[in-house]
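Visitor: Input: one structure, supplied below.
A short reminder: the numbers here are calculations on the coordinates, not readings from a lab. Note that the coordinates shown come from a computational prediction; the quantities given were computed from them, not determined experimentally. Reconstructed Cβ throughout: ideal geometry from the backbone, glycine too, with neighbour counts over all protein chains shown.
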Amino acid sequence: MALLELRDVHSYYDRIQALKGVSLEVAEGEVVTLIGANGAGKTTTLRTISGLIRPREGSIYLAGERISELPAHAIVAKGVVHVPEGRGIFGRLTVEENLRIGAFTRRDKAGIQTDLDAVFATFPRLRERRRQAGGTLSGGEQQMLAMGRGLMARPRILLLDEPSMGLAPILVEEIFAIIRRLNREQGVTILLVEQNARAALEVAHRGYVLETGHVRLAGPAAELLVDPEVTKAYLGGEGQG
Amino acid sequence: MSRSLLQHPSLRSGLIAGLVTVFLGLVGFLSAFQDDALLVGHLLGANRSLTLGTAVVLAALIWAGARAAPAGRPGWPAPRGPLYGALAGLVAALVLAAFARLGRSVDLRAIFPKASPELYDMVAFSGGAFAGEAGWELLRLLILGAAMGLLGALWQGLAPRSRRLATPAILLVLGLGVFAEQFLLVLAHNGIAEHFRGWLFLKGGGLAAPGAILVAVLAVAAGLAAERGWTPRQALARQAPARRRAILSLGWTLALALTLVLPWLLGSYHSDVLDTVGLYALMGLGLNIVVGFAGMLDLGYVAFFALGAYTAAVLTSKESFLAPCIRLVEGVCAEHMPLTGFWVAVPAAVLVAGLGGVLLGIPVLKMRGDYLAIITLGFGEIIRILAQSDWLRPYLGGSQGIAGIAPATIPFSGIAVAGLRKPQLLFYLILAACLLAVFIARRLRDSRLGRAWMAIREDEDVAEAMGIHLVMTKLMAFGTGAALAGLAGTLFGVKLTTIYPHSFALLVSINILALIIVGGMGSIAGVMVGALVLVGLPELLRDFQDFRWMAFGAVLVWMMLNRPEGLLPDAERRRELRPEGAPAAAD
Ligand SMILES: Nc1ncnc2c1ncn2[C@@H]1O[C@H](COP(=O)(O)OP(=O)(O)OP(=O)(O)O)[C@@H](O)[C@H]1O
Ligand SMILES: [Mg+2]
């Protein structure tokens, strides 16, 4: 059974339909990437999963349990953790306060402390800046903070929305290396939304291509990487990626 | 006049200073302060006093000089500084002279009722002991203007260190002068006024020269000590941790002891002022939870104050429609229950106000920022209008309000605390309520709930994505904030024994919000300081009539421009508004 499953999900912003029947699956321990052009509905998909938008039709299951009726905070409590597009750092709170808010749904003090140390081990730069205001971090550091904050919730699945957005190439590489490590070494299940399709497909096991609210293509990442249609539409202009 | 001449700093500063002074004179600001002696002394063979109004005119002249003088090398006046300064003072003096001349030949009173002959004497520094020929008057005014401008320029040229030392001394002398009457009142209450009168204050109410000099010397000495690291804070930092803790707790004990005897030192008038400050501080602590912690702009906070006050009044007033029932219940319970009236009213009022907060919270949950502010504003007015309405008159007394609110009875002692007669006793009740509120606010701030509030304040959407229950978290903020206002409302009723709808006007909400902002949004210590500054000071400045509100507005504008984070900001605020390296205020 898939850890996360979307069945024919339709989402609307008032009368504008953004998702027109999206179905996808993420198995435990997988990295699955969701690629597509601007406005294809990638962010909307993640927001629907995490309960920030309620689907008008279709359902979402976590390990077989239907979660599409639950409010956002209950979905987080179940271990579906969303690292939003644009990072959503609490600018005036310190790095450490940001991380602790990530663990908001948990009450095991000792476990939170352990995970705080683990996050600092994964992102040593955050440890150095733990008393600094989140808003004063660089873009790359903010992305690390956002991911670290997501990890603080001990997610069963982490939803990452464009973690490489606006970062210098060297930092993009670092972020993808971290995603790979999180998955391969710590076994974190990840649903990754990316513009940077080549890098995303290189780190992912499987991928979905979204086009104006539909799943256009799906398959193992290695196959999508060489798929002529994908190469033309999403990898073409990107050179070495 | 050529453009470049108009742009000359001396001309511009002089004109600005002169015209502002004329404006202040025409609106009556200067004459209002003409009876307030700041300093009294023996000068040029006669007793003369410097009134607050005259001081304002002098300050304008000095300011013109300081503004006109170009910046020089640090510690030295710029070569042309004194000249420019004197010129600016001269220009300002010319404006004043022209104004006085005009006013004396044409009667301006038809348009400006405050344009009296005394005003002209004042701005021209003539009249009284100085009366004389017009020519002499002009010459004297011009010399005075130039001298003051020069003084300003020299001040501008002073080394920053000298200015740093001198500023507190000057402010302290002025402050003591302005508040002389208040000090005398307190001293008289304690029967020690006579010892001080002779040299610190004079009969007119102003500060005497020896007193002024002494105060200034002390202030400079304190500044010098601070430079050498002899402040209490640094001295404390040098102690071993164990000793530091001992000294600190001793300090807190002393502070508490001082607070406890304070009303008896101050006397009943000032205790009453302190009671008002305490009530506002209490409400400030409550609103700070909503606005400062959770970041929801609530402009109708006074509604919960009113809910608390009316609930308590209905339950304890002998004129209340419930009075017969209550007498009955009390009659039955009297043997078993030492707590009556007030002590039943407190939890009831807190509960009703808290519920009111939650109920208001529900419809506005989805609102943010400006919309929230407008809706809460409307809610505040609705409550006041309901209280005033004919419809509820049988229960709430319409615009007559509810009178005869029972005093708070201290259990087992039979002491009745009614505010009007015993402001000193009421102070203890208010103090206890404030301490409780501080405790609650601190615990909440550092709790899980406090962190959720902070997250919502920073970014509601992300907070939701972090698993924070927005509805619960917001309602908790509204409810706790409102409950504290309800407590304040009960005490308010006890203080005045009568409540009227007009005590719960929009201005109360705005004042509370302003004191939070001035103190430092989100900062608990800041609320206390804000209440002292924004509620205490205007009370003490009552004899300045409406001009205190003008000064109040000016201070608010100045604060927002120069110290937007407030007087005692909390950590986040400081981080946002004073990045790296800026000096941190004490917590
Ligand atoms: N708050 C909103 N209100 C109305 N329409 C919206 C809103 N957010 C997104 N949309 C619309 O929904 C569609 C999908 O948007 P979405 O943000 O999911 O795209 P995306 O794939 O994440 O794009 P990008 O790569 O640019 O982030 C777009 O047509 C967009 O205009
Ligand atoms: Mg997007």
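Visitor: Work out how much length B:SER399 to B:ALA554 would gain on full extension: take 0.36 nm times their residue separation and subtract the Cα-Cα distance, in nm to one decimal.
Guide: 52.5 nm
Visitor: Please enumerate, by chain and number, the lysines with C-alpha under 25 Å from the C-alpha of B:LYS318, excluding those fewer than 8 residues away in the same chain.
Guide: Within reach: B:LYS422, B:LYS495.
Visitor: List the residues of region A:192-216 whose backbone N lies under 17 Å from a point placed 7 Å from the Cα of A:GLU229 along the Cα-to-Cβ direction.
Guide: It comes to A:207-216, nothing else.
Visitor: Where does helix B:506-519 land angle-wise versus the long Cα axis of chain B, in degrees 0 to 90, nearest 10?
Guide: Its long axis makes an angle of about 70 degrees.
Visitor: What range in chain B is the longest one free of GluC sites (Glu not before Pro) that are in a loop by DSSP and have at most 11 other Cβ atoms within 10 angstrom? Intermediate values should be presented prior to the final figure.
Guide: Values: sites that count: B:GLU133, B:GLU335, B:GLU580.
Answer from the scan: B:336-579.
Visitor: Go through region A:102-117 residue by residue and turn each phi into a ³J(HN,Hα) via Karplus (6.51, -1.76, 1.60, θ = phi - 60°); whole Hz please, and just put x for glycine and proline.
Guide: With the stated coefficients, region A:102-117 comes to x, 8, 4, 7, 9, 10, 7, 4, 5, x, 4, 4, 4, 5, 4, 5 Hz.
Visitor: Calculate the spin-label point distance for B:ILE382 paired with B:ALA110, positioning each point 7 Å from the Cα along the beta-carbon direction, and give it in nanometres.
Guide: 5.2
Visitor: Mind giving me the FRET efficiency for A:GLN186 and A:ALA74? R0 is 25 Å, r the Cβ-Cβ distance, nearest 0.05 is fine. Let's see the in-between values first.
Guide: Details: r = 25 Å, r/R0 = 1.00.
Efficiency for this residue pair is about 0.50.
Visitor: Taking amide hydrogens as modeled 1.01 Å from N in the peptide plane, which residues meet the under 5 Å criterion relative to A:THR94, leaving out close sequence neighbours?
Guide: Excluding prolines and chain starts, which carry no amide H, the hits are A:GLY134.
Visitor: How high is the relative contact order of chain B, in percent, counting Cα pairs under 8 Å that sit 6 or more residues apart?
Guide: Details: 956 pairs, mean separation 85.8, N = 587.
Result for chain B is 15 percent.
Visitor: List the residues whose amide H sits under 5 Å from the amide H of A:HIS214, counting only those 5 or more places along or on another chain, with H placed 1.01 Å from N in the peptide plane.
Guide: For A:HIS214, whose amide H was placed from the backbone, the distant partners under 5 Å are A:LYS20.
Visitor: Still on this structure: Can you give the mean number of other chain Cβ atoms that lie within 10 Å of the Cβ atoms in peptide B:449-455? Numbers along the way, then the final one.
Guide: Working: counts 0, 0, 7, 3, 0, 5, 8.
Per residue, the average neighbour count from other chains is 3.
Visitor: Sticking with this structure for a sec: Calculate one ³J(HN,Hα) per residue across region B:21-35 by plugging θ = phi - 60° into the Karplus curve 6.51 cos²θ - 1.76 cosθ + 1.60, and present them in order as whole Hz with x for glycine and proline.
Guide: Values, residue by residue: 4, 4, 4, 4, x, 5, 7, x, 4, 5, 5, 4, 9, 6, 8 Hz.
Visitor: Straight-line reach only, C-alpha to C-alpha below 17 angstrom: list the aspartates and glutamates that B:LYS366 could link to, leaving out same-chain residues fewer than 8 apart.
Guide: Cross-link targets: A:ASP14, B:ASP298, B:GLU458, B:ASP459, B:GLU460, B:ASP461, B:GLU464.
Visitor: So what is the relative contact order for region B:458-533, in percent, with contacts set as C-alpha pairs under 8 Å and at least six apart? Walk me through the numbers before you get to the answer.
Guide: Numbers: 26 pairs, mean separation 10.2, N = 76.
Contact order relative to length: 13 percent.
Visitor: Here's another thing I want to ask about it. Collect residues whose amide H, placed 1.01 Å from N in the peptide plane, falls under 5 Å from the amide H of B:LEU567; neighbours closer than 5 in sequence don't count.
Guide: For B:LEU567, whose amide H was placed from the backbone, the distant partners under 5 Å are B:GLY519, B:GLY520.
Visitor: Using a 7 Å offset from the Cα along the Cα-to-Cβ direction at both B:PHE321 and B:ILE415, what is the distance between the two label points in nm, to one decimal?
Guide: Here the modelled spin labels are 3.7 nm apart.
Visitor: On a 0 to 90° scale, report how tilted helix B:323-333 is relative to the longest principal axis of chain B, with both axes built from alpha carbons and the result rounded to the nearest 10.
Guide: With rounding to tens, the tilt is 60 degrees.
Visitor: State the extension gain, in nm to one decimal, for the chain segment bounded by B:TRP230 and B:ALA242, taking 0.36 nm per residue of separation less the distance between their alpha-carbons. Walk me through the numbers before you get to the answer.
Guide: Details: separation 12, 0.36 × 12 = 4.32 nm, distance 2.03 nm.
Between B:TRP230 and B:ALA242, full extension yields 2.3 nm more.
Visitor: Quick check: Cα centre of region A:1-80 to Cα centre of region A:192-219, how many Å?
Guide: When both Cα centres are located, 15 Å separates them.
Visitor: Between 0 and 90 degrees, rounded to the nearest ten: what's the tilt of helix B:209-227 against the longest Cα principal axis of chain B?
Guide: 70
Visitor: Tell me, what HN-Hα J-couplings in whole Hz come from the Karplus equation 6.51 cos²θ - 1.76 cosθ + 1.60 at θ = phi - 60° for each residue of region B:171-180, using x for Gly and Pro?
Guide: Karplus values, whole Hz, x for Gly and Pro: 4, 5, 4, 4, x, 4, x, 4, 9, 3.
Visitor: Hey, got a sec? Which chymotrypsin sites (Phe, Trp or Tyr not before Pro) in region B:367-464 land in a DSSP loop and have at most 12 other Cβ atoms within 10 Å?
Guide: Counting only loop positions with at most 12 other Cβ atoms within 10 Å, the chymotrypsin sites (Phe, Trp or Tyr not before Pro) in region B:367-464 are B:TRP391, B:PHE412.
Visitor: For region A:1-104, state which GluC sites (Glu not before Pro) are in a DSSP loop and have at most 14 other beta carbons lying within 10 Å of their beta carbon.
Guide: Working: sites: A:GLU5, A:GLU25, A:GLU28, A:GLU30, A:GLU57, A:GLU65, A:GLU69, A:GLU85, A:GLU96, A:GLU97; in loops: A:GLU28, A:GLU30, A:GLU69, A:GLU85.
Of the GluC sites (Glu not before Pro), the ones in loops of region A:1-104 whose Cβ has at most 14 other Cβ atoms within 10 Å are A:GLU28, A:GLU69.
Visitor: Leaving out same-chain residues fewer than 8 places away, which lysines sit with a Cα under 23 Å from that of A:LYS20?
Guide: A:LYS42
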